[in-house]
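Undergrad: Could you have a look at this structure, given as C-alpha cells, before my questions?
The values are calculated or read from the model by the stated rules, or taken from the named source; none is laboratory data. Computed from a predicted structure; not experimentally measured. We place every Cβ from the backbone using ideal geometry, glycine too, and count neighbours over all the protein chains shown.
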Amino acid sequence: MLHKEIVVKGMVQGVYFRATARSVAVRMGLTGAVKNLPDGHVWIAAEGPQAAMDEFISWCRIGPSGSKVTGLDITDGPLQHYTDFNILH
C-alpha cells in the first residue's frame, strides 16, 4: 500500500476536479481525500496499491473535461489508513 500526496496545478478549480477525482479514485479502489487550496491548486491524498496509484496519477495529469493541468507535485508519505475517499471543504 502506498500513500501519495499530490498537488495538481493549473486551471483545476471550478471544473469539478474534486468530485471527478473522488469518483475516479473510488472506482480504482483508492482511499483518501481531496480539497481546493487557496492558491488555486487542488490537494489530493491517496492510498492504495501501486497499479491503481499509477493509473490515478496518470488521470490527474489530464483531469476532467474543462480542466487544464500544468503540473503535479507528488510526495510519498506514511499511510493514514483512510477508510473512504472524501471531498474536504
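Undergrad: Consider only pairs whose beta carbons are under 7 Å apart and that are at least six residues apart or on different chains; among these, list those whose first residue lies in the stretch 38-49 and is farther than 13 Å from Val8 by Cα and whose second residue is modelled with pLDDT of 95 or more and acidic (Asp, Glu).
TA: none
Undergrad: Looking at Val7, Val15, Val69, Val26, can you tell me which residue is touching a residue at least 40 places away in the same chain (Cβ under 8 Å), among the aliphatic types (A, V, I, L, M) and either part of a loop (DSSP other than H, G, I, E, B) or at positive phi (or both)?
TA: Val15
Undergrad: Being assigned to a loop (DSSP other than H, G, I, E, B), out of contact with any Phe, Trp or Tyr (no Cβ under 6 Å at 6 or more places or on another chain) and not basic (Lys, Arg) is the filter; apply it to the stretch 31-63 and report the residue that is nearest to Phe85 (Cα to Cα).
TA: Residue satisfying both the conditions and the ranking: Pro49.
Undergrad: Being farther than 18 Å from Ala19 by Cα and part of a loop (DSSP other than H, G, I, E, B) is the filter here; which residues of the stretch 72-89 pass it?
TA: Answer for the stretch 72-89, where residues must be farther than 18 Å from Ala19 by Cα and part of a loop (DSSP other than H, G, I, E, B): Gly77, Pro78, Leu79, Gln80, His81.
Undergrad: For the stretch 72-89, give me each residue that is without any contact (Cβ under 8 Å) to a residue 60 or more places away in the chain and of a type in the set (Asp, Glu).
TA: Result: Asp84, single match.
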